[in-house]
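The structure appears right after this line, and notes come after that.
The values are calculated or read from the model by the stated rules, or taken from the named source; none is laboratory data. Keep in mind the model is a prediction, meaning the values are calculated, not measured. Please note: Cβ atoms are built from the backbone with ideal geometry, for glycine as well, and neighbour counts cover all protein chains shown. Ligands, DNA and RNA are stripped out before the accessible areas are found, and what is left, the full protein with its side chains, is counted by its heavy atoms. Shrake-Rupley method; radii C 1.70, N 1.55, O 1.52, S 1.80 Å.
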Amino acid sequence: TFGSDTAAANTLHDYEEGDWTPTMNSSGTWDITDAHYVKIGSLVQCWAVCTNIEESGTQTADLIISGLPYTVEFQTVGGNLMMYGVGTNANNLNVWVKTDETLRIYETINGSAWDALEWEDITDDDKIYFEFCYRTTQ
């Protein structure tokens, strides 16, 4: 409980901080730094910096990131991100947290419909900085 409050409804029942390891769906390489999370109750807040992203071969799939620290309760727009060097004219970048414990990065290009970031949008040494939150069942 907080301060002198004794109400059961105001009891913090779970708090944890730690690191998580983002992984990508296709062969390639990247450097991960600052991949941390904080879990307060059923809310999970995550951060990560992915630099020196390099595609291996020719990929045609969406860029999919996995390795979330907790089970996802429901799909949600989890947060914003910044990309450097990614070869698109993207606007409105968002992280979509999916119930299969993966992330997709969605963008709009010149006011078009939402579109998932694909490997073909990545060029060597690109960078993605993101922060997102989601609700867990754990």
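Is it the case that region 12-22 has a residue that's out of contact with any strand residue (DSSP E or B) (no Cβ under 7 Å at 6 or more places or on another chain), among the hydroxyl-bearing types (Ser, Thr, Tyr) and under 21 Å from residue 69 (Cα atoms)? There is no residue in region 12-22 that is out of contact with any strand residue (DSSP E or B) (no Cβ under 7 Å at 6 or more places or on another chain), among the hydroxyl-bearing types (Ser, Thr, Tyr) and under 21 Å from residue 69 (Cα atoms). Applying a threshold of 7 Å to beta carbon distances and a minimum spacing of six or more residues, or different chains, the list of pairs starting in region 34-46 at a residue that is free of Cβ contacts under 8 Å to residues at least 40 places away in the same chain and ending at one that is of a type in the set (S, T, N, Q) and open to solvent by 10 Å² or more (accessible area, probe 1.4 Å) reads 35/21; 37/45; 38/45. Does residue 80 qualify as being open to solvent by 60 Å² or more (accessible area, probe 1.4 Å), at pLDDT below 90 and under 30 Å from residue 137 (Cα atoms)? Considered against the rule, which asks whether it is open to solvent by 60 Å² or more (accessible area, probe 1.4 Å), at pLDDT below 90 and under 30 Å from residue 137 (Cα atoms), residue 80 comes out as yes. The single condition from (1) touching a Ser or Thr at 6+ places or on another chain (Cβ under 9 Å); (2) of a type in the set (Ser, Thr, Tyr); (3) open to solvent by 50 Å² or more (accessible area, probe 1.4 Å); (4) modelled with pLDDT of 90 or more that residue 56 fails is (4).
If you filter region 93-113 down to residues that are in contact (Cβ under 8 Å) with a residue 12 or more places away in the chain and more than 29 Å from residue 17 (Cα to Cα), you find that the one that is most open to solvent (accessible area, probe 1.4 Å) is 110.
For region 1-51, a residue qualifies if it is open to solvent by 70 Å² or more (accessible area, probe 1.4 Å) and among the small types (Gly, Ala, Ser), and the qualifying residues are 3, 4, 8, 9. The C-beta contact set for region 13-30 (first residue part of a strand (DSSP E or B), second residue at pLDDT 90 or above and open to solvent by 40 Å² or more (accessible area, probe 1.4 Å), distance under 6 angstrom, 6+ apart or interchain) comprises 15/40; 19/36.
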